[in-house]
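Novice: Sharing a structure below in structure tokens format, with a few things to ask.
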Amino acid sequence: MRFQAFALLEWKNVSGRNITRAFYHLLALVWIAKGLVAWCVILGLPVPFVSNFENLDTPDQTKLVLFSILDLVAGVALWLSPQWGGVVWLIACLAECVRQLASDSSAARELALAILLFIMLLFFAARYAAKPASNADA
């Protein structure tokens, strides 16, 4: 008896819908990890390359708390249901883009914004790939 997970490894079962589902789950894991790292900073756990929560300015603390909640909600929503979870994730991603645009100009800001826009482009490409070709064949 074969496991259901191994069925995805066969080329005959690989479709746009399966690839999209795997991409959504991977994206959800990244966003959940992002939210958990933010909570580690808030709770005072050591995180490399990030200063302590108490040492941050008040606006930065506010942004960190907001995005720690928003990232976890978006990640869990994307994992559970790509239909409405994708919308929640897009709202979180657009909010992150606005935050990057509102911050001071730097190379790191531009890189983060480029990465976010690239991930959003992949999201729309995956959503397009998952669409059924036509209902006329039915």
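Novice: Are any of the residues in segment 20-33 over 19 Å from ARG99 (Cβ atoms), loosely packed, with under 14 Cβ neighbours inside 10 Å and of a type in the set (Gly, Ala, Ser)?
Specialist: Yes; the residues of segment 20-33 include at least one that is over 19 Å from ARG99 (Cβ atoms), loosely packed, with under 14 Cβ neighbours inside 10 Å and of a type in the set (Gly, Ala, Ser).
Novice: Pairs under 9 Å by beta carbon, first residue under 19 Å from TYR24 (Cα atoms) in segment 51-76, partner acidic (Asp, Glu) and surrounded by 11 or more Cβ atoms within 10 Å (Cβ to Cβ), six or more apart or different chains?
Specialist: LEU70/GLU96; ASP71/GLU96
Novice: Output the number of residues of segment 65-82 satisfying the condition of being within 21 Å of ALA102 (Cα to Cα) and either buried (at least 17 other Cβ atoms within 10 Å of the Cβ) or of a type in the set (S, T, N, Q) (or both).
Specialist: Number satisfying all stated conditions: 4.
Novice: OK, next. Return the pairs, sorted by first residue and then second, in which the second residue is surrounded by 16 or more Cβ atoms within 10 Å (Cβ to Cβ) and part of a helix (DSSP H, G or I), the first residue lies in segment 78-105 and is without any contact (Cβ under 8 Å) to a residue 60 or more places away in the chain and basic (Lys, Arg), the beta carbons are less than 8 Å apart, and the residues are 6+ apart or on different chains.
Specialist: Hits for this filter: ARG99/LYS63; ARG99/PHE67.
Novice: Residue check: is TRP79 touching a His at 6+ places or on another chain (Cβ under 9 Å) and in a helix (DSSP H, G or I)?
Specialist: yes
Novice: For segment 32-44, indicate whether the set of residues that are on the phi > 0 side of the Ramachandran plot and either outside any helix (DSSP H, G or I) or modelled with pLDDT of 90 or more (or both) is non-empty.
Specialist: Looking through segment 32-44, at least one residue is on the phi > 0 side of the Ramachandran plot and either outside any helix (DSSP H, G or I) or modelled with pLDDT of 90 or more (or both).
Novice: Quick one: in segment 88-108, of everything that is at pLDDT below 75 and part of a helix (DSSP H, G or I), which residue is nearest to ILE69 (Cα to Cα)?
Specialist: For segment 88-108, the residue satisfying everything is ALA108.
The values are calculated or read from the model by the stated rules, or taken from the named source; none is laboratory data. Remember, predicted model here, so these are calculated numbers, not experimental data. When we count neighbours, we look across all protein chains shown, and the Cβ atoms used for this are built from the backbone with ideal geometry, even at glycine.
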